[in-house]
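The values are calculated or read from the model by the stated rules, or taken from the named source; none is laboratory data. All figures in this text were calculated on a predicted structure; none of them were measured in a lab. Here the Cβ positions follow ideal geometry from the backbone for every residue, glycine too, while neighbour counts run over all protein chains shown.
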Amino acid sequence: MSPLNTPPWAEAAVQVHGLVRRYGERVVLHQLSLTIARGEFVVLLGESGCGKTTLLRALAGLDPIDAGRIDGPSQPAVVFQEPRLLPWDPLWRNVCLGLDDARGRPLAEAALVEVGLQGRSEDWPRNLSGGQAQRVALARALVREPRLLLLDEPFAALDALTRLRMHGLVRELVERHRPGVLLVTHDVDEAIALAHRVLVMRDGAIAAEHAVSAAARGHRAHPEAVDLRERLLAELGVETEAVPQSTWPPAARAA
């Protein structure tokens, strides 16, 4: 499946061909194919159990596949819902985990500045708020300039205002570093606010895809955003008439 808004000559961050994943007799991913370009932000929506996290873990190299092929980096960067910081290491060591100190420390300190944590490199994870901890996790993911960035509901545990600030930060970082991005979320408004392209997953396959205009990303009340929200909720099996927009701050969630 080609990106709707990406020219055919754009460099691919990852290409997935006929991916199959089984758990015993149950087929979780059904001949799934997908391309994400460098600099493209793709968001994956779907009900719980449809295969979203299974796909992300396969792309991350955390789970084996049973058939098909993934053409992409062997070690993509991953940010999970939990920041997974090492409590016994200062922030700069958490960011440059796996790099030697001489090379890694200046990179880590520069990355912490990028995510708004300048002057905190010697601080400890226990002193951070949830949003600050996720900023460190983002810095750790981007410090190696990854070709592919995988985000597994990294904002789900944050309060509404912190989540909105993190959306802005992620947009800025993706524009600057230009990885291909796959974000797994249940949050329809989050998908529209961040994505160049939204995919709806059902029964282990991509059931629908939608390009998201800059106007729709820029304001949730824009007619294109409102129309897309209704289409996505309908595809996710949510009756929009039963969910007035006033009940959605700051986002509509499915499943």
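Of note:
- From Gly72, Gly24, residue being in contact (Cβ under 8 Å) with a residue 24 or more places away in the chain and either over 26 Å from Arg140 (Cβ atoms) or in contact with a helix residue (DSSP H, G or I) (Cβ under 8 Å, 6 or more places away or on another chain) (or both): Gly72
- Close contacts from region 197-222, counting a first residue that is free of Cβ contacts under 8 Å to residues at least 12 places away in the same chain and in the same structural domain as Leu45 (by TED's automatic domain parsing) and a second that is surrounded by fewer than 18 Cβ atoms within 10 Å (Cβ to Cβ) and in a loop (DSSP other than H, G, I, E, B), with Cβ to Cβ under 8 Å and a gap of 6+ residues or different chains, come to Ala215/His222.
- Test: residue in region 120-129 that is in the same structural domain as Gly49 (by TED's automatic domain parsing) and either closer than 24 Å to Trp88 by Cβ or without any contact (Cβ under 8 Å) to a residue 60 or more places away in the chain (or both): no
- Residues satisfying the stated conditions in region 65-96, i.e. hydrophobic (A, V, I, L, M, F, W, C) and more than 16 Å from the chain's Cα centre (by Cα): Ile65, Ala67, Ile70, Leu85, Leu86, Trp88, Leu91, Trp92, Val95, Cys96
- Annotation note: of Leu236, Leu183, Leu158, the sole residue that is surrounded by fewer than 21 Cβ atoms within 10 Å (Cβ to Cβ) and assigned by TED's automatic domain parsing to the domain that holds Val28 is Leu158.
- Across region 53-88, the number of residues qualifying as out of contact with any His (no Cβ under 9 Å at 6 or more places or on another chain) and among the basic types (Lys, Arg) comes to 2.
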